[in-house]
4 protein chains.
Amino acid sequence: MTDTNDGIQAQRAKVGFQFREDMAPGLVLEMELKQIFHSTESQYQQIDVIDTYFGKTLITDGKTQSTQFDEYAYHESLVHPPLLNFCHINGRAPKRVFIGGGGELATAREVLRHPEVEKVVMVDLDKKVVDVSIQYLPEWGGEAVRSSPRLELIIGDAYEYLLNCEENFDVIILDISDPIEAGPGIMLYTKELYEHAATILSPNGVFVTQAGMADGIPPPHADAGQQDITCFVPIRNTLAQVFPCVSPYTQSVPSFGSDWGFVMAYSSKESSGSPEATAMEWISMDARSIDDLIQTYIKDGEKGLRMYDGITHRRMFALSKPLRTQMTSDTRIMTKDNPVFMY
Amino acid sequence: MTDTNDGIQAQRAKVGFQFREDMAPGLVLEMELKQIFHSTESQYQQIDVIDTYFGKTLITDGKTQSTQFDEYAYHESLVHPPLLNFCHINGRAPKRVFIGGGGELATAREVLRHPEVEKVVMVDLDKKVVDVSIQYLPEWGGEAVRSSPRLELIIGDAYEYLLNCEENFDVIILDISDPIEAGPGIMLYTKELYEHAATILSPNGVFVTQAGMADGIPPPHADAGQQDITCFVPIRNTLAQVFPCVSPYTQSVPSFGSDWGFVMAYSSKESSGSPEATAMEWISMDARSIDDLIQTYIKDGEKGLRMYDGITHRRMFALSKPLRTQMTSDTRIMTKDNPVFMY
Amino acid sequence: MTDTNDGIQAQRAKVGFQFREDMAPGLVLEMELKQIFHSTESQYQQIDVIDTYFGKTLITDGKTQSTQFDEYAYHESLVHPPLLNFCHINGRAPKRVFIGGGGELATAREVLRHPEVEKVVMVDLDKKVVDVSIQYLPEWGGEAVRSSPRLELIIGDAYEYLLNCEENFDVIILDISDPIEAGPGIMLYTKELYEHAATILSPNGVFVTQAGMADGIPPPHADAGQQDITCFVPIRNTLAQVFPCVSPYTQSVPSFGSDWGFVMAYSSKESSGSPEATAMEWISMDARSIDDLIQTYIKDGEKGLRMYDGITHRRMFALSKPLRTQMTSDTRIMTKDNPVFMY
Amino acid sequence: MTDTNDGIQAQRAKVGFQFREDMAPGLVLEMELKQIFHSTESQYQQIDVIDTYFGKTLITDGKTQSTQFDEYAYHESLVHPPLLNFCHINGRAPKRVFIGGGGELATAREVLRHPEVEKVVMVDLDKKVVDVSIQYLPEWGGEAVRSSPRLELIIGDAYEYLLNCEENFDVIILDISDPIEAGPGIMLYTKELYEHAATILSPNGVFVTQAGMADGIPPPHADAGQQDITCFVPIRNTLAQVFPCVSPYTQSVPSFGSDWGFVMAYSSKESSGSPEATAMEWISMDARSIDDLIQTYIKDGEKGLRMYDGITHRRMFALSKPLRTQMTSDTRIMTKDNPVFMY
């Protein structure tokens, strides 16, 4: 569609173009389709860049990947807690960071805000997502990130890469699709993968994965067979079988229709006491300490970030009571042979 | 529709009944309409009780009021922070509580969990909402709440009632519709009303109002005239002109499609220092102190509550950075002559 | 929902209840759901009576069966052409009429307008459809039709009934669901059934079946594999293998979203010439002759009918060019072993 | 979007792009938006060329103008009856034809099938519609029609042009938007315009206008104030006040969701008897005579046409009984001061 200006914006209201997205069984979000910037098909998926209420939006196979409205809420939450936790534990910045997925480049953009990171290895399956993002979503990172000498971009299967990888990383970040049936990323949510990831993390390295919807509120029709469609707790359970410390956290991402989950996992700090104490130390960091870490380790400090800071940290790591309740009752583990699927 | 069982649930999928709700301009949430339990029309509005993904749901004039899925997230957040803050400030439970609106009875249900509350005066315009809630939403409170000797239910205009009221209340709770143009409740969001409310609060009384959508994320098309459709910050600003202490807070309510805002306001505690210090003391209460307050002042203590506890408190009062950023730039005040409208 | 008055009708606009019906692949008709009069589930299907733009509507398993707006367009077209053609061929009214399906009772209503019909045997699978129609759709026929001494209503499988039937009928009417995959009526659209039906028709008897969508316009994406979703021509082809005369015809039924097809089949009139001539004689009857037949054989004559008369007859039997074109190219036959399915 | 091939077609199903069109109050047709070929904005309207179930489709301001599926049904019905009626009345082909509107060029395409037409004057307001149609809808006529030496295309207001026109035309065709409130074409549906048109018609000239939805079925909620949203009968009434002969007719155009109306008007043939007889003569022409006219006057004869022929003619001019019933009761006239609006 034309990519010009306000007048058209107004006119658009007259044209009933819509983007309908399934959010859950019996729940559809219908967004006015203000513009289609680009549509293409890769070897793996349909890729669309559109404009809706949430602004510019990347869609693959009909699922919103991220939006101008709140992509930073997601990407800052995925990246800075693990990197700054590494700084806190080790008293130094991470040097080598791995990103599985991340084709939009925004995850790399956030990692590269850490000037002491020397090398980012990013492995994404779909070159077309990267190319489309560079051309149509420059605010996500674009050419500036792509051409960073610190970034090594590999087009390939992150799961295969990790299994065959013999190098170590200070931080491993999995920025991948939700574990849906027949989805390409399902293997990246298994105990087997986590076990291998643990072997290639630096001694006090930190691992993080996005973990899907996470509001913790039980489905109201559970008695009538309504399925829980989240994987947050199973992902956290599975990581807890592999790593001594696990810190689940959440962040509101309105365009995803829900609080969104992340799970960080890491080895105990040698100097400290129990893993629980280590995890708790991070969770309950006071706001000022987080702000100090940001000031120390991130380029432009707090000015660079729009979502994450000391107070937001408190919010992210203070899980709601229903989510904590769910964590005490849902004991599912995700393995190659017994995967768990989101809707 | 039939109100029987699972079989029908399954069949239902074949019938394309839907409930479509406007969430924002260009944003519609379409929910499978599994059942209509009741539909009626009062003098003021259309009232429907239906079943959707979010379970049993009360709808007035096409807007979701609350759902089985997460009504407790809203009602506990509206009630317990102000009541427990009163306890904290005064070292005793509130005795007299006023509820403006609240026809679903769930707000009264939460207030009545405080055994030392002697009198709840609730003023709602629409008797039919109360009757429908008693019959079709017993989980919200129902006859048990309605017939409590501690509850005085007055059918009438909460605004008029407050203006003419000469009694004092320890806590005033406004559980009213969002301030939309031509909405009945718009006067309950004005500086003039807040000024009057301040005069009928007990010396160290606490005032709270629901305050609509509150994710704080600026609309992506602001440059092209996309309107901010929230009122959270203007409500907080207006209360801050009247009360020395103001504590805004938010809670995720998924069926409302967003983080939801509340603003609490109160006088400084005499013994303490500045109003800012008083507000900050509450905001930064440690989790254990909140849990102690719950244990002391609420019937069945933490077992009675599903959402609010010490850790959830941390989450609710740690506002996200975008919301705090918005609070520094949006200076709108709501008065009779210059109201501010939500979408 | 309340079944009262206009005021509510107006209010309803505020409530986003909708009925969405799949019309074809990628084509949904969304109707404001003004009211649900009744919902129930039978052994065979979900049954709903609702109110939409098309007025009172019977829905089974999410598919519109007929609406207040245009049910008479469908039912008059199904019944009067075969009955009056029988009169025309035989010089007397039919005495015994069979209806397969017809649970709404409106087909029987139209048959009973013919005072000389002595016996109508109607076989429908689903007693609940009949009961719901009597209670909620009295305009369709209701108790007046149900209690007619001329009507024998049998709850059962019309296919089985016909196969085992040894009595003769002057007219056989199949008022059954479209031939969709896994639908109950698929066997009623086979050459085998038609062959048997031919054996129990009176010597100059007439057979008619509804035949689904029939606009004849080829799907625009046929090159890209877009399927023709109609069965009208295959049904006509199949009947033409069994009966010497076949007269396909169509009638616009707006709530079905298309011109709707019917196929009449009958033996040649002994006295006349070729079957083609017999069929053509009926098709090209002048308007006055049809009006005369109506006046002679139908109670209240033309006043009783809202759709069918001499001029409408011309319209119904003058098939559009695309439909005639399709009839020259689509040679599919429907048999037990090789059924053809509609969308 | 990409304009390549089948694979994408299939993928598309995964992406929930939809085009929603209001058909009537409380009635929305939702079509899968398979592709957007072009979107632009002219001085007058938003113009989109998309692909849906109905194939390639031209949309202006959110309303379907015509589709690959059935544009010929509309355009052949608009053009050939008046031109062939002129031939029939005058014993010769028309020489000069006027088209008001017609920017898609398909109306001119059909007129140019008549080799003896020497001059087609076409006046359309919106050059962009013409340009977009040439580029994206070549099947509608495109450059071949645009560059015909017999076509004079004038960008301007057809109403003004006609009022100031002093030349005569054998046939005048109005292919304009429906008479909706605030629509540009409302003046082209007034008695005043028709009176002027009559003065510039050749002595035995023929006038035709498209006339909107025309199923004739009364709205089921008429008692509750449900409005008749058609203008077919008022247009016919108004023409009947100006012209001695008026022939209304209809054609099913599925993508318009209904039978569609046209009204032809002309002077009595001098040699014949009453105007009624003249009109009736045309309406009841036998199929062979129409086929002969087609063979005589249209290039490639019947092979050139996909919808109109002798049998389709019978169908088009045999109005359904409800429509004829409506014509006896609806006496509205459309004038400058008292226009009538469609939905």
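The values are calculated or read from the model by the stated rules, or taken from the named source; none is laboratory data. Values in this document were obtained by computation on a predicted structure and should not be read as measured data. Quick reminder, even Gly has a Cβ in these numbers, built from the backbone with ideal geometry, and neighbours come from all protein chains shown. Each accessible area value is taken on the protein alone, full model and side chains, heavy atoms only, with ligands, DNA and RNA left out. Shrake-Rupley method; radii C 1.70, N 1.55, O 1.52, S 1.80 Å.
Quick notes on this one:
- In terms of its C-alpha gyration tensor, the protein assembly as shown comes out prolate, because a/c is 1.5 or above and the ratio a/b outweighs b/c.
- For chain A, the longest principal axis of the C-alpha atoms and the axis of helix A:127-136 are separated by about 60°.
- Phi-based couplings in Hz for the stretch B:190-206 (Karplus 6.51, -1.76, 1.60; Gly and Pro marked x): 10, 4, 4, 5, 4, 4, 5, 4, 4, 6, 9, 7, 4, x, 10, x, 10
- Taking the stretch D:236-343 and dividing mean pair separation by its residue count, relative contact order in percent (alpha carbons under 8 Å, at least six apart): 25 percent
- Remark: the stretch C:231-240, residue by residue, has Karplus-estimated 3J(HN,Hα) of 10, 4, 5, x, 5, 5, 4, 5, 4, 5 Hz, where x stands for each Gly or Pro and the curve is 6.51 cos²θ - 1.76 cosθ + 1.60 at θ = phi - 60°.
- Amide proton proximity set for C:ILE217, modelled H, under 5 Å, gap of 5+: none
- Shielding score for C:50-63, defined as the mean number of other chain Cβ atoms within 10 Å: 4
- Interchain or long-range residues, amide H under 5 Å from B:ILE99's placed H: B:VAL121, B:MET122, B:VAL123, B:ILE173
- Distances, shortest first, from the label point of A:ALA222 to those at the same position in the other copies read 4.0, 5.5, 5.5 nm; the point lies 7 Å along Cα to C-beta.
- The stretch C:60-142: C-alpha gyration tensor shape, a/c 1.5 cut-off, then a/b vs b/c: prolate
- A cut-off of 5 Å between modelled amide H atoms, ignoring neighbours fewer than 5 places along the same chain, links C:PHE169 with C:LEU201, C:SER202.
- For the stretch A:16-67, the Cα-based Rg and Dmax, in that order, read 10.8, 30 Å.
- In Å², nearest 10: area of A:HIS80 left accessible to a 1.4 Å probe: 0 Å²
- The mean number of Cβ atoms from other chains found within 10 Å of a Cβ in peptide B:18-27 is 6, as a whole number.
- Counting Cβ atoms of other protein chains within 10 Å of each Cβ in C:32-45 and taking the mean gives 4.
- The protein assembly as shown, accessible surface, carbon-and-sulfur percent (1.4 angstrom probe): 48 percent
- Measuring against 25 Å, Cα to Cα, the residue pairs A:LYS34/D:LYS63; D:LYS34/D:LYS128; C:LYS34/C:LYS128; A:LYS56/A:LYS128; D:LYS56/D:LYS95; C:LYS321/D:LYS321 contain D:LYS56/D:LYS95 as the ones spanning a longer distance.
- Contact order normalised by residue count of chain B, Cα under 8 Å, 6+ apart, percent: 16 percent
- In degrees, nearest ten, helix B:71-90 long axis to first principal axis of chain B (Cα): 10 degrees
- Using R0 = 25 Å, the C-beta based FRET efficiency linking B:GLU281 and A:GLU139 works out to 0.05.
- Taking the Cα centre of the protein assembly as shown as reference, the dipole from Cβ charges on Lys and Arg (+1) and Asp and Glu (-1) amounts to some 0 debye.
- Residue (of B:GLN43, B:PHE54, B:VAL28) at the positive-pole extreme of the stretch B:16-67, dipole from beta-carbon charges: B:PHE54
- Accessible-area value, A:LYS95, 1.4 Å probe, nucleic acids and ligands omitted, Å²: 80 Å²
- Ordered by 1.4 Å accessible area with all protein chains kept, A:GLU167, A:GLU192 run largest first as A:GLU167, A:GLU192.
- Choice from D:MET264, D:MET122, D:MET285 with maximal GNM fluctuation in chain D (Cα, 10 Å cutoff): D:MET285
- Estimated 222 nm signal from helices in the protein assembly as shown, with DSSP H stretches of n ≥ 4 weighted -39500 (n - 2.57), rounded to 500: -9500 deg cm²/dmol
- The accessible area of A:GLU195, taken with all protein chains in place and a 1.4 Å probe, comes to roughly 80 Å².
- Estimated buried accessible area (total), pair D and C, 1.4 Å, Å² to nearest 100: 4600 Å²
- The HN-Hα couplings worked out from phi for the stretch D:138-154 by the Karplus form 6.51 cos²θ - 1.76 cosθ + 1.60 (θ = phi - 60°) are x, 5, 6, x, x, 4, 4, 6, 3, 9, 4, x, 7, 9, 10, 9, 10 Hz, whole numbers, x standing for Gly and Pro.
- Additional length obtainable on full extension of the chain from C:TYR44 to C:GLU118, 0.36 nm per residue less Cα span: 23.5 nm
- With label points set 7 Å from Cα along Cα→Cβ, the inter-copy distances at D:THR335 are 5.4, 6.9, 8.8 nm, sorted shortest first.
- Across the identical copies, how the B:LYS95 labels are spaced - nm, sorted shortest first, 7 Å along Cα→Cβ: 7.0, 9.5, 10.6
- In percent, rounded to a whole number, the relative contact order of the stretch B:67-159 is 27, using alpha-carbon pairs under 8 Å and six or more apart.
- Ordered from highest to lowest accessible area with the whole protein assembly present and a 1.4 Å probe, A:THR107, A:THR331 read as A:THR331, A:THR107.
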